[in-house]
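Down below is the structure, laid out as structure tokens.
The values are calculated or read from the model by the stated rules, or taken from the named source; none is laboratory data. Computed from a predicted model, the values in this text were never measured in an experiment. All Cβ positions, even for glycine, are placed from backbone atoms using ideal geometry, and neighbour counts span all protein chains on display. When the accessible area is computed, the model is the full protein with side chains, heavy atoms only, and any ligands, DNA or RNA have been set aside. Shrake-Rupley method; radii C 1.70, N 1.55, O 1.52, S 1.80 Å.
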Amino acid sequence: RGGGEVRRGSHARKSARPAWEGKMPQGKNGCGWVFGDYCNGDRFPEYMDFIFISPAAEIGRQLMGTKQARLFHEHVLVKEASAGVATPWHQDQFYWPVNTANTITMWMPLVDIHEEMGILTFASGSHKKGNVFEFEIGDESDPDYDKYIKENKFPLVTRTTMHTGDAT
């Protein structure tokens, strides 16, 4: 959790100066906003400091059982609670142009969150079957993933709260 203030400050600057990939559409019914952007380390050294100075890379390396960990990219995703936009079921592997399933994703909230705000849910063990579908994340992907999760009886795991700096 250490360094949460640095990350929060970095995020405020980030949303004020998004890269060309940055998007700030409004949420459902014009309420709130959603912001996403990729590959920000060259403009916001706090991101790279966290990745390379904190234990994050070492933890990832240990979880993968590898001698080293390589960073593919980092991604900022911010949703105001009032936006009412859920992230559909998806697998990150679809988006990565790498020829291995030996990858890891870490998600970290920049503010304390609770279940009512919308918190991550995982289909536990689903990663062991590899990349399942070849389509992008979207509302249309949800029914296929719902069916897949139910058919394979993956238990759903959801945290009820997460604090700034916790990680999945």
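A compact table of results
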| read-out | value |
| --- | --- |
| Residue within the stretch 76-96 that is assigned to a loop (DSSP other than H, G, I, E, B) and without any contact (Cβ under 8 Å) to a residue 24 or more places away in the chain present | no |
| Criterion (surrounded by 12 or more Cβ atoms within 10 Å (Cβ to Cβ), assigned to a helix (DSSP H, G or I) and either out of contact with any Asp or Glu (no Cβ under 6 Å at 6 or more places or on another chain) or at pLDDT 80 or above (or both)) met by exactly one of Ile104, Ile51 | Ile51 |
| Subset tally (residues that are in contact (Cβ under 8 Å) with a residue 40 or more places away in the chain and either open to solvent by less than 80 Å² (accessible area, probe 1.4 Å) or farther than 18 Å from Phe154 by Cα (or both)) for the stretch 111-127 | 7 |
| Out of Asn40, Asn99, sole residue that is open to solvent by less than 40 Å² (accessible area, probe 1.4 Å), polar (S, T, N, Q) and modelled with pLDDT under 85 | Asn40 |
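Yes or no, residue by residue, for (1) within 21 Å of Trp96 (Cα to Cα); (2) part of a helix (DSSP H, G or I); (3) among the hydroxyl-bearing types (Ser, Thr, Tyr):
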residue: Phe122; (1), (2), (3): yes, no, no
residue: His127; (1), (2), (3): yes, yes, no
residue: Ile137; (1), (2), (3): yes, no, no
residue: Asp142; (1), (2), (3): yes, yes, no
residue: Asp146; (1), (2), (3): no, yes, no
residue: Lys150; (1), (2), (3): no, yes, no
residue: Val157; (1), (2), (3): no, no, no
residue: Thr164; (1), (2), (3): no, no, yes
